[in-house]
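First up is the structure itself, then whatever we jot down about it.
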Amino acid sequence: MTLANDLDLTGRRILVTGAANGFGAAMAESFRAAGATLVLADIEAEPLAAISGRLGAEHHVYDQADPAAIDRLAAVAGAVDTLVANAGVLVAKPLLETSLAEMRRIVDVDFLGTVRLIQQVGRGMVERRRGTILAIGSQTAFSGGENRAVYAAAKAGVSQVVRGAAVEWGPHGVRVLCLAPGRCITRMTEVTAQAGLSGDRGLARVALGRWGSAEEIAKLAHFLISDAAGYVTGETVIADGGYVLG
Ligand SMILES: NC(=O)c1ccc[n+]([C@@H]2O[C@H](COP(=O)([O-])OP(=O)(O)OC[C@H]3O[C@@H](n4cnc5c(N)ncnc54)[C@H](O)[C@@H]3O)[C@@H](O)[C@H]2O)c1
């Protein structure tokens, strides 16, 4: 098999969450171009319907902070071959100014919601003895960062759950991975940059000297979920232009 063959996603049913914007939308485009059948999910109904219409995808509106909504999403999505658990929120604030309600929102969406979705979709994969799961974590899980202490902790938790699930489900033919992007240009980072709450030490710390793009994250995600990465599991792959190098 050539690498090009391994990157082909024809016949794969892929659930992408947070697909209405940013990384999720770029991933949906990349997977569709490679032949995948898409199930797209997000909390924002309008942009979700627009991208789903364009890509001929099934779509479902849900709130990742609501466990019952996650369970319904896993049920209606059915037998997916691949899950990309990408939906996430960032509340960018100094820790001393972060309310308990804000902490709960971050943990509910970014940690518990992501983990519950992995659990519910992974259950079917284990039964069918095949599947691939990719969670979107964050470089901040490794570097830390101002104005996102709880977010970084939630994302670090996702990386650890991925390791545990990979060990438990590997014998059942299921790979579980995490992709940890550094700062990339999306709505999420534009909003925090405009508010002066970027939380990183600036471009001088990025070895490659530039921020990343949603398309670059989508291509790496495509590689990781594909058969080309068939012997990789439990890893968190950092794509941050060298930021964590210091
Ligand atoms: N952009 C970056 O630099 C960066 C870096 C590291 C990690 N990330 C992570 O990448 C993922 C995608 O972020 P992005 O940059 O594309 O941001 P984005 O804001 O453009 O997209 C996030 C998507 O998640 C959806 N979402 C938010 N809360 C939700 C909820 N409760 N239920 C369902 N869907 C919900 C949003 O509607 C949106 O479509 C997130 O998990 C984010 O934490 C982003």
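In the condition set (1) among the basic types (Lys, Arg); (2) open to solvent by 60 Å² or more (accessible area, probe 1.4 Å); (3) touching a strand residue (DSSP E or B) at 6+ places or on another chain (Cβ under 6 Å), Arg175 is compliant with all but (2). Each residue in the stretch 50-77 was checked for being within 19 Å of the chain's Cα centre (by Cα), open to solvent by less than 70 Å² (accessible area, probe 1.4 Å) and not charged (D, E, K, R), and 12 pass.
Looking across the stretch 1-41, just one residue is assigned to a helix (DSSP H, G or I) and hydroxyl-bearing (Ser, Thr, Tyr), and that is Ser30.
Just a yes or no: is a residue in the stretch 115-128 open to solvent by 50 Å² or more (accessible area, probe 1.4 Å), within 25 Å of Tyr243 (Cα to Cα), within 16 Å of the ligand (Cβ to nearest atom) and modelled with pLDDT of 95 or more? No, that holds for no residue. Only one entry in Val167, Val206, Val232 is open to solvent by less than 20 Å² (accessible area, probe 1.4 Å) and at pLDDT 95 or above, namely Val206.
Conditions tested, residue by residue: (1) near the ligand (Cβ under 10 Å from one of its atoms); (2) among the aliphatic types (A, V, I, L, M); (3) surrounded by 15 or more Cβ atoms within 10 Å (Cβ to Cβ).
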{"residue": "Ala135", "(1), (2), (3)": "yes, yes, yes"}
{"residue": "Val162", "(1), (2), (3)": "no, yes, yes"}
{"residue": "Gly182", "(1), (2), (3)": "yes, no, yes"}
{"residue": "Leu197", "(1), (2), (3)": "no, yes, yes"}
{"residue": "Gly202", "(1), (2), (3)": "no, no, no"}
{"residue": "Ala214", "(1), (2), (3)": "yes, yes, yes"}
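May I ask you to list the residues in the stretch 184-195 that are farther than 25 Å from Val162 by Cα and either more than 6 Å from the ligand (Cβ to nearest atom) or buried (at least 16 other Cβ atoms within 10 Å of the Cβ) (or both)? Passing the criteria: Ile185, Glu190, Val191, Thr192, Ala193, Gln194, Ala195.
Here's a check for you: in the stretch 15-49, which residue that is more than 7 Å from the ligand (Cβ to nearest atom) and hydroxyl-bearing (Ser, Thr, Tyr) is least open to solvent (accessible area, probe 1.4 Å)? This residue is Ser30. For the stretch 80-114, the tally of residues that are more than 18 Å from the chain's Cα centre (by Cα) and open to solvent by 30 Å² or more (accessible area, probe 1.4 Å) stands at 11. Taking the conditions exactly as written (in a helix (DSSP H, G or I), away from the ligand (no atom under 14 Å from the Cβ) and in contact with a strand residue (DSSP E or B) (Cβ under 9 Å, 6 or more places away or on another chain)), does Val80 satisfy them or not? It is false that Val80 is in a helix (DSSP H, G or I), away from the ligand (no atom under 14 Å from the Cβ) and in contact with a strand residue (DSSP E or B) (Cβ under 9 Å, 6 or more places away or on another chain). Here Asp110 passes the criteria (1) more than 22 Å from Ala165 (Cβ to Cβ); (2) within 9 Å of the ligand (Cβ to nearest atom) except the one numbered (1).
Got at least one residue in the stretch 142-151 being among the polar types (S, T, N, Q) and open to solvent by 20 Å² or more (accessible area, probe 1.4 Å)? Yes, the stretch 142-151 contains a residue that is among the polar types (S, T, N, Q) and open to solvent by 20 Å² or more (accessible area, probe 1.4 Å).
Selection of first residues in the stretch 179-207 that are under 19 Å from Val244 (Cα atoms) and of second residues that are among the acidic types (Asp, Glu) and assigned to a loop (DSSP other than H, G, I, E, B), restricted to Cβ pairs under 6 Å at least 6 apart or on distinct chains, gives the following pairs, ordered by first then second residue: Gly182/Asp240; Arg183/Asp200; Gly199/Glu146. Pairs meeting the criteria (first residue in the stretch 28-43 and of a type in the set (Ser, Thr, Tyr), second residue open to solvent by 70 Å² or more (accessible area, probe 1.4 Å) and in a helix (DSSP H, G or I), beta carbons under 8 Å, at least 6 apart or on different chains) are Ser30/Glu215; Ser30/Lys219. Within the stretch 97-151, the set of residues being touching a His at 6+ places or on another chain (Cβ under 7 Å) and among the hydrophobic types (A, V, I, L, M, F, W, C) comprises Val126 only.
The values are calculated or read from the model by the stated rules, or taken from the named source; none is laboratory data. Everything numeric in this text was worked out from a predicted model, so none of it was measured. Neighbour counts are summed over all protein chains in view; Cβ atoms, including those assigned to glycine, are modelled from backbone coordinates with ideal geometry. What goes into the accessible areas is simple: the full protein's heavy atoms, side chains included, and nothing from ligands, DNA or RNA. Shrake-Rupley method; radii C 1.70, N 1.55, O 1.52, S 1.80 Å.
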